[in-house]
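Chemist: Would you mind keeping the following structure in view while I ask a few things?
Taken together, the values in this text are just the output of simple stated rules run on the coordinates, not laboratory data. Not measured: the values here are computed from a predicted model. Ideal geometry is used to build each Cβ from the backbone, glycine not excepted, and the neighbour counts take in all protein chains shown.
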Amino acid sequence: LVQPPHTVTMLRQAITNITRAAAPAASRNFSAAAASVAGKLQIGRLNHIAIATPNLEASTSFYRDVLGAEVSAPDALPEHGVTVVFVNVGNTKLELLHPLGENSPIAGFLKKNANGGMHHICLEVDDIHSAVKSVMDGGVRCLNAEPKIGAHGKPVVFLHPKDCGGVLVELEQV
């Protein structure tokens, strides 16, 4: 099992990051251009919070066996360089991410954050192409301007964390 202090630390960091992202605009570290997007883009619900983990089995066991959550089977996604496990927490999901290969973006994240931690949040949008245009018109950089198919089999785009208050944001078309 994952040691509870480690997971508690990960959850506290995730909550801190989300709280910072939800703080009043004056206290956030958003670009001025990003603030101009407000009112143009309609985001939907929080689809998931992604957590990078150095030990997928231990993290899965913690959420399933200690917290009693429903977890999916591991799903290897070579095109994304990750293995994922989804944890159903009722009103949203946690996406546990583990590197699949040395070139995985999660491997790089774990080199900087050996214990793992919050990697990104995913927000739903109705039209990914309109969402991309809206955020780019507002000066927000997309890490992939053309949508890719994400772990749920739906189009996704990632927004640069420097334009989003230090949070990597994934937009997913629903």
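Chemist: For a quick protection proxy, order the peptides 156-164, 92-100 by their average other-Cβ count within 10 Å, most packed first.
Modeler: So the order, starting with the most tightly packed, is 92-100, 156-164.
Chemist: While we're here: Can you tell me the length gained on complete extension of the stretch ASN91 to LYS154, counting 0.36 nm per residue apart and subtracting the Cα distance?
Modeler: Value of the extension gain: 20.7 nm.
Chemist: When the expected Rg is taken as 2.2 N^0.38 Å, what fraction or multiple of it is the alpha-carbon Rg of segment 104-174?
Modeler: 1.13
Chemist: If you don't mind, another one. In whole Hz, what ³J(HN,Hα) sequence does segment 61-72 give by Karplus (6.51, -1.76, 1.60; θ = phi - 60°), x for Gly and Pro?
Modeler: Computed from phi, the couplings for segment 61-72 are 4, 4, 5, 7, 8, 8, 8, x, 7, 7, 10, 7 Hz.
Chemist: Here is a further query. Can you list the residues, at least 5 places off or on another chain, whose amide H is less than 5 Å from the amide H of LEU77, using H built in the peptide plane?
Modeler: Amide H to amide H, under 5 Å and 5 or more residues apart or across chains, LEU77 pairs with VAL82, THR83, VAL84.
Chemist: State the Kirkwood hydrodynamic radius of segment 39-174 in Å, one decimal place, computed from all pairs of distinct Cα atoms.
Modeler: 15.4 Å
Chemist: I need the phi-derived Karplus couplings for segment 82-97: 6.51 cos²θ - 1.76 cosθ + 1.60, θ = phi - 60°, integer Hz, Gly and Pro marked x.
Modeler: 9, 10, 10, 10, 9, 10, 7, 10, x, 8, 6, 10, 9, 10, 7, 10
Chemist: So if we plug the beta-carbon distance of LYS133 and LYS162 into 1/(1 + (r/R0)^6) with R0 = 25 Å, what FRET efficiency do we get, rounded to 0.05?
Modeler: Result of the calculation: an efficiency of 0.80.
Chemist: Tell me, in nm to one decimal, what length is gained between ASN115 and ALA73 on full extension, where the rule is 0.36 nm per residue of separation less the Cα-Cα distance?
Modeler: 12.9 nm
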